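Here the structure comes first, spelled out in structure tokens, and everything after it is commentary.
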Amino acid sequence: MILLPAIDMKDGQCVRLKKGKFSTASQVADSALETARVFAAAGAKWVHMVDLDGARIGVRQNFPHICEVIETSGLSVELGGGIKNCEDVDAVVGAGVARIVIGSAAVTNPEVVDYALQQYGTSRVAVGIDCLDGRVRTMGWEENSGLSGVNLAGQMVEKGVRTIIFTDIATDGMLSGPNYEQLAILQKAVGCDIVASGGVATLDDVKRLRDMGMYGAIIGKAYYAGRLDMAEAVREAGPQQ
């Protein structure tokens, strides 16, 4: 299982949110690049970055910091937030992002997913499904689409998507453990790679997700709160790729 330590960017700062609420944003690190270098030193091969301003207002004002990580950290960057149309897809891939995460646009503009898959292939495209009580939230988690997360995942797999990033909003940033039940339901419903996001708090969480057969797990608050040693978590997850 690959581990993807997370760096969320808002107003040029590395922040964490609780349950996706922008009002709870708190700075957790001084530099995205230096944080990424710490992750690389711990053995991580990937970093999951989120442009929160892009997700909310569609402006890539954090891109200079993200590009710095892409160019000099040595990590493969998975990026979500603000990828809303085909031009955004081209711009982000052109900047060197290893895998783009299409979130809200998978609901509001699904042809963007088709375009990304056709242009760049399945290995460079993931769809982010962010759910609260099983229903997909969009626009920086502020709008309820009314769609079932499992149904949306099925639609995306039918399009050819091979990687789903599932975030349980209720557990995100809460250090309460992942929503294992929902992950198991999703795993049973779709035959694709699933990255678990939200709630990972302990080494036992890493082990359990690994043993479930998750393709990947995103770690954010647990690292920044000092609850989880990244090098130890990477070793427990297994060989990184």
Inter-label distance for Thr72 and Ala25, nm, one decimal - labels placed 7 Å from Cα along Cα-to-Cβ: 2.4
Which listed pairs, of Lys19/Lys207; Lys21/Lys221; Lys18/Lys84, have C-alpha distances above 20 Å, in listed order: Lys19/Lys207; Lys18/Lys84
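Averaged per residue, what accessible area in Å² does the range 1-59 show with a 1.4 Å probe, protein chains only?
Working: 2330 Å² over 59 residues.
About 40 Å² of surface per residue is accessible.
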Label zone at Gln119, where the point sits 7 Å out along the Cα-to-Cβ direction: the range 144-168 residues whose backbone N lies under 17 Å: 161
Most mobile listed residue (Ile165, Ile57, Ile129) in the chain, GNM with C-alpha springs under 10 Å: Ile57
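Report relative contact order for the range 140-241 in percent, whole number only (criteria: Cα-Cα under 8 Å, sequence separation at least 6). All intermediate terms of the calculation are to be shown ahead of the outcome.
Working: 133 pairs, mean separation 24.7, N = 102.
Once normalised by length, the contact order is 24 percent.
At 1.4 Å probe size, with every protein chain present, just tell me what the per residue accessible area of the range 118-206 comes to in Å².
Values: 3730 Å² over 89 residues.
Using a 1.4 Å probe on heavy atoms only, each residue of the range 118-206 averages 42 Å².
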Estimated FRET transfer efficiency when R0 is 22 angstrom, pair Ala225-Val59 (beta carbons, to 0.05): 0.15
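Counting Lys and Arg as +1 and Asp and Glu as -1, each charge on the Cβ, what is the dipole of the range 8-157 about the Cα centre in debye, to the nearest 20?
Using Cβ point charges on Lys, Arg, Asp and Glu, the range 8-157 gives about 440 debye.
The values are calculated or read from the model by the stated rules, or taken from the named source; none is laboratory data. In this text, all values refer to a predicted model and were calculated from it rather than measured experimentally. Ideal geometry is used to build each Cβ from the backbone, glycine not excepted, and the neighbour counts take in all protein chains shown. Side chains are part of the model used for accessible areas, which takes the heavy atoms of the whole protein and leaves out ligands, DNA and RNA. Shrake-Rupley method; radii C 1.70, N 1.55, O 1.52, S 1.80 Å.
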